[in-house]
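Everything on this sheet refers to the single structure shown next.
The values are calculated or read from the model by the stated rules, or taken from the named source; none is laboratory data. Computed from a predicted model, the values in this text were never measured in an experiment. All Cβ positions, even for glycine, are placed from backbone atoms using ideal geometry, and neighbour counts span all protein chains on display.
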Amino acid sequence: MKEIVVISGKGGTGKTSVTASLAVLGGESLVVADCDVDAANLHLLLTPEVQYREDFYSGKEAEINPLICTDCGICADVCHYGAILKPIDTGQWIIDKNLCEGCGYCSHVCPASAITLSSAYSGEWFRSKTRTGGLMVHAELAAGADNSGKLVARVKNEARKSAKEAGADYVLVDGSPGIGCPVISSLSGAAFVILVTEPTKSALHDLRRVYEIVRKFSISAGCVINKADLNPEVENEILGFLQEENIPLLGTIPYDSVFSEAMTAGMTIVEYSRGEITRRVEGIWEQLLREVSSR
Ligand code: SF4
Ligand code: SF4
């Protein structure tokens with residue numbers, strides 16, 4: 001079983017639409033994992049029916065027991081995050097969970113042992129069946145939670161387990177955007193990376209940055225250029241970059257309003273249309289399989 005991770009380094013390139021289309025084309029040969037947990041939206045296109053859900057706890061958060069607290073204020077003095085407050089209306093020390101980093105310093109210095117640390121609720125993950133019958137693992141990060149890298153790792157592990165149980169050939173991961181901890185977590189264990197870009201200067205800049213990480217991990221990659229015909233000059237710059245780095249082009253998708261029409265209808269392009277764009281995406285899927293099997 002091989003993991004294929006789709007990333008873009010930049011939002012708005014069509015990464016999720018491409019991932020959803022490949023997930024539909026792959027059918028039961030794959031399990032799809034939505035690792036864009038900060039702004040998950042793959043479910044909008046694949047409309048999964050949740051079969052199993054589980055709370056996700058990560059990191060620590062502190063809590064003050066007002067019955068034990070002696071009102072000395074030492075905890076507030078030592079908290080570097082300004083998380084310990086005494087609202088005028090209650091006159092009792094409390095901890096703002098959105099500011100608390102779970103370092104435990106306050107608990108250590110409290111002379112009354114009034115502060116406890118417990119696991120912090122960070123969101124939920126789900127195992128689901130998509131509208132087209134495929135398996136999907138996805139998650140929702142709780143508002144204000146900041147352990148998205150750990151939630152990404154959990155989603156990937158559960159997707160691997162599901163793929164193993166179902167005898168699937170691939171885990172197809174909709175990776176996190178950017179170049180931070182979540183995208184690094186998305187890439188761990190990948191056999192192949194699909195870089196989705198578009199012909200704009202900012203997309204090319206972000207493609208270069210995200211590919212640096214892919215190269216550091218020594219993962220093979222291929223590229224999809226979406227809306228390829230919108231700016232031939234930058235498209236040529238992208239092609240030059242791919243040549244320099246020896247990255248195969250999996251395919252190009254010209255701009256077509258049918259892509260947005262499919263999204264508005266809540267469908268993937270390969271379900272919505274039998275036109276040129278769908279043929280291009282099918283070509284990308286076939287090229288992808290050839291690249292992955294040759295490595
Ligand atoms: S250090 Fe402990 S006793 Fe003092 S204000 Fe904080 S919670 Fe209350
Ligand atoms: S655990 Fe750390 S961050 Fe949280 S309230 Fe205590 S001192 Fe502040």
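Condition test on Val270, is it in the same structural domain as Gly283 (by TED's automatic domain parsing), in a helix (DSSP H, G or I) and of a type in the set (A, V, I, L, M)?
yes
Filter the range 220-239 down to the residues that are charged (D, E, K, R) and either in a helix (DSSP H, G or I) or touching a Lys or Arg at 6+ places or on another chain (Cβ under 8 Å) (or both) and list them by number.
Of everything in the range 220-239, those that are charged (D, E, K, R) and either in a helix (DSSP H, G or I) or touching a Lys or Arg at 6+ places or on another chain (Cβ under 8 Å) (or both) turn out to be Asp229, Glu233, Glu235, Glu237.
Yes or no, residue by residue, for (1) out of contact with any Phe, Trp or Tyr (no Cβ under 9 Å at 6 or more places or on another chain); (2) more than 9 Å from ligand 2 (Cβ to nearest atom); (3) outside any strand (DSSP E or B):
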| residue | (1), (2), (3) |
| --- | --- |
| His108 | yes, no, yes |
| Pro111 | yes, yes, yes |
| Thr116 | yes, yes, no |
| Ser119 | no, yes, no |
| Glu124 | no, yes, no |
| Thr132 | yes, yes, yes |
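In the set Asn236, Asn226, Asn231, which member is assigned by TED's automatic domain parsing to the domain that holds Val193, more than 25 Å from Leu46 (Cα to Cα) and surrounded by 13 or more Cβ atoms within 10 Å (Cβ to Cβ)?
Result of the check over Asn236, Asn226, Asn231: Asn231.
Among residues belonging to the range 63-87 that are under 35 Å from the mean Cα position of the chain (by Cα) and within 8 Å of ligand 1 (Cβ to nearest atom), point out the one that is nearest to Ala143 (Cα to Cα).
Filtering the range 63-87 for residues that are under 35 Å from the mean Cα position of the chain (by Cα) and within 8 Å of ligand 1 (Cβ to nearest atom), the one nearest to Ala143 (Cα to Cα) comes out as Ile84.
Which one is farthest from the chain's Cα centre (by Cα) among residues in the range 88-106 that are within 11 Å of ligand 2 (Cβ to nearest atom) and small (Gly, Ala, Ser)?
Within the range 88-106, the match that is farthest from the chain's Cα centre (by Cα) is Gly104.
Within the range 72-120, restricting attention to residues that are acidic (Asp, Glu) and surrounded by 12 or more Cβ atoms within 10 Å (Cβ to Cβ), which residue is modelled with the lowest pLDDT?
Selected residue: Glu101.
Please go through the range 88-99 and give me each residue that is touching a residue at least 24 places away in the same chain (Cβ under 8 Å) and within 13 Å of ligand 1 (Cβ to nearest atom), ordered by number.
Gln92, Trp93, Ile94, Ile95
Give me the pairs: first residue in the range 106-122 and closer than 13 Å to Asp77 by Cβ, second residue at pLDDT 95 or above and more than 14 Å from ligand 2 (Cβ to nearest atom), beta-carbon distance under 7 Å, and six or more apart or on different chains, which are they?
Partner pairs satisfying both residue conditions: Pro111/Cys72.
In the range 241-259, what residues are surrounded by 13 or more Cβ atoms within 10 Å (Cβ to Cβ) and farther than 30 Å from Arg215 by Cα?
Matches in the range 241-259: Asp256, Val258, Phe259.
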